[in-house]
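A short reminder: the numbers here are calculations on the coordinates, not readings from a lab. Computed from a prediction, not measured in an experiment: that's the story for all the values here. When we count neighbours, we look across all protein chains shown, and the Cβ atoms used for this are built from the backbone with ideal geometry, even at glycine.
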Amino acid sequence: MKYIARWLLTLVIPALLATTALAEGYTEGKQYTALANPQPTGNPEKIEVVELFWYGCPHCYRLEPYIAEWRAGKADDVDFVQMPAIIGPPWELLAKAFYTAQFLGVQDKIHVALFDAIHKDKKTFKDEAAVEALFVAQGVSEQDFKKTFNSFAVSIKVNNAKLMTKRYALTGVPAIIVNGKYNTSGTLAGSNENIIKVVDYLVDQERQAMPDVVTATE
């Protein structure tokens, strides 16, 4: 009886998902686009979701609470990656700030502080000194900041972010890349709430396409 039930589920669940997708009306070219050149992901056994943002972008700032809530409840088979987009040279400074915070283990604290400083307190960050002042205010020593901010490791991360911005063919932010294949945004999805719904739909689509993992038993 259990085997019959499982067989029925394999038929019913895909049908339900397809019906839900149809009801939501998510269509390639409308609520999301397929990348012309799909990109490899960090772990092919997981579904990768990459958020590309810029600290100076008000739309990115307003999306952050939705991303934080989604991230807290995401499935275990999903890898979430935040990546600062670098569309032009002025974006590099705060991309370095992001990776500096990451290497120092204060990413969550600095991420929120930077967004708030720019969009709530109307502060500007035009040079390293301004960024350093924010880090110090958040409890990071000047020595740790300088050593990390100007490190080779941060430079590698920034160069990779610059490269991936080009490979994803980004023209604006925020953008969400699902499994190196699909791109959605507020412009495409229509709202921050819908961005999350489209991401979930694309994650489910990728999950169905992944080969079943067979667990060996003794």
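Structural remarks
- Here the sum of -39500 (n - 2.57) over DSSP H runs of 4 or more residues, divided by the residues of the chain, equals -17500 deg cm²/dmol at 222 nm, to the nearest 500.
- Nearest 10 degrees, 0 to 90: helix 192-209 Cα axis against the chain principal axis: 50 degrees
- Rg in Å to one decimal, and Dmax rounded to a whole Å, for segment 144-218 via C-alpha atoms: 17.9, 54
- Helix 58-73 axis, angle to the chain major axis (alpha carbon atoms, nearest 10°): 50 degrees
- Kirkwood radius and radius of gyration were both taken over the C-alpha atoms of segment 70-111, and their ratio Rg/Rh is 1.06.
- When the P(r) is computed for the chain, the part past 27 Å accounts for 39% of the Cα-Cα pairs.
- Relative packing of peptides 176-182, 83-89 - highest average C-beta neighbours within 10 Å first: 176-182, 83-89
- The amide H of Ile47, built 1.01 Å from its N in the peptide plane, has Val78, Asp79 as neighbours under 5 Å, considering only residues 5 or more places off or on other chains.
- Within straight-line cross-link reach of Lys120, lysines at Cα separation under 21 Å, skipping those fewer than 8 residues along the same chain: Lys109
- Once the Cα-Cα distance is subtracted from the 0.36 nm per residue extended length, the Phe103 to Gln39 segment shows a gain of 20.6 nm.
- To the nearest ten degrees, helix 92-104 and the longest principal axis of the Cα atoms of the chain are 80 degrees apart.
- For segment 156-176 and segment 53-113, distance of Cα centres in Å: 13 Å
- Expressed as a fraction of 2.2 N^0.38 Å, the value expected for a compact globular protein of N residues, the C-alpha radius of gyration of segment 13-142 is 1.28.
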